[in-house]
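The next block holds one structure in the form of structure tokens; read it before the comments.
No lab work stands behind these numbers, since they all come straight from the coordinates. The structure displayed is predicted, hence computed values, not measured ones. Glycine also receives a Cβ, built like all others from the backbone with ideal geometry; neighbour counts cover every protein chain displayed.
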Amino acid sequence: MTDALVLIDPAASTVEVADLGAPQLPVTDLSAHRGDGIFETVLVRIRDSVTVVSRDRHFTRFCASASALGLPDPEPELWSRGLDTVIAEVRAADPSLTEFGVRYALSRGTQNSDGTQSPRGWAFNVPVDEKITRARAHGISAVSLDRGYDAYLGSKAPWLLIGAKTLSYAVNQAAGRYAAEQGADEALFVSHDGVVLEGPTSNLIIRRGDRLLTPNPEAGLLSGTTQRLIFDHAGELGLNAEYADFGLSEVVEADGAWYVSSMRTAVSLNQLDGNPIPRDEELTAELQRLIMAG
Ligand code: PLP
């Protein structure tokens, strides 16, 4: 897949096409050694027209993350232009592509000698790789891991940035590696006091009869655009959607369970801590269709 990168300068309100293979970020950038910044990853689908799935939901969350970190408010027109430029570059290089992701990020940037900072932004494309397509088709297994904090800690400790999508993903990556060492595809984070939270890069939805349940974002997780898209359309599938606190046994005893995220769409969770979970192929296909329609 072709690579496209745009640099987004919030101070100058400019978008510039750049070479993804060339060095772009000074090592002094605060995202590089502090993870101090925010990002989003959107799914782009191309059929007769271009669909950026949950485009507005992503941008709304991006702005909320900026606010949580005290970064300047992202300007809608500038970031929209950055996203559209990456999409146009990718399509120009490969008109046959039907699906890819675009990751856009805002870093706190470089600390200036007068104490001010110069935030910088960028956006580039990411592929829908074989791991994702396999998970969509066959589902995944997961192992539960203690997230290390109690549920609902976020409102008491806003500095933990629990609901923000920051560039500090080393813990999430480590959880994924730990899960892989246990022979599982994914981790499932559980609060220290036993409330199921989310995967390292996805939300969990379970089905119980005609109810779809997902952990409350306030419990200490990222509010997902995919989960919200599904909840906004659940009625069309004859289902009721609700936030709920539940533990691991409720996941294992559910009528179906899914990891949902922008790039995965909805993938069936077939096994948790070695316990099988019923696979609802029909609803999986319906959820994937619903999400891909944007
Ligand atoms: N939770 C975490 C920690 C994530 O990183 C992500 C996405 O990357 C999600 C949930 C799912 O969010 P979305 O559906 O917006 O992709």
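Computed values, structure above
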| item | result |
| --- | --- |
| For Glu198, distant residues with modelled amide H under 5 Å away | Phe189 |
| Taking all pairs of distinct alpha-carbon atoms in the range 249-294, Kirkwood radius in angstrom | 11.0 |
| ³J(HN,Hα), Karplus 6.51/-1.76/1.60, whole Hz, each residue of the range 129-136, x for Gly, Pro | 7, 5, 5, 5, 5, 5, 5, 4 |
| Vicinal HN-Hα couplings computed from phi for the range 115-127 (Karplus, 6.51 cos²θ - 1.76 cosθ + 1.60; Hz; Gly/Pro x) | x, 7, 10, 10, x, 9, x, 7, 8, 8, 8, 10, x |
| Most mobile of Leu237, Leu106, Leu43 in a GNM of the chain (Cα contacts under 10 Å) | Leu237 |
| Principal-axis tilt of helix 55-69 within the chain, Cα atoms, nearest 10 degrees | 70 |
| Spatial extent of the chain: Rg and Dmax, with the Cα atoms as the point set, Å | 19.2, 60 |
| Estimated dipole of the range 189-231 in Debye, rounded to 20 [Cβ of Lys and Arg +1, of Asp and Glu -1, Cα centre] | 200 |
| Inter-centroid distance (Cα atoms) of the range 85-159 relative to the range 1-63, Å | 9 |
| GNM top mover of Gly21, Gly37, Gly154 - the chain, alpha-carbon springs below 10 Å | Gly21 |
| Calculated [θ] (222 nm, deg cm²/dmol) that DSSP helices of n ≥ 4 give over the chain, each run adding -39,500 (n - 2.57) | -8500 deg cm²/dmol |
| Highest-MSF residue in the chain out of Asn112, Asn275, Asn216 [GNM, Cα springs under 10 Å] | Asn112 |
| Label-zone membership for the range 254-294, site Asp56, 7 angstrom Cα→C-beta point, backbone N under 16 Å | 294 |
| Normalised contact order of the chain, rounded percent, pairs of Cα under 8 Å and 6 or more residues apart | 19 |
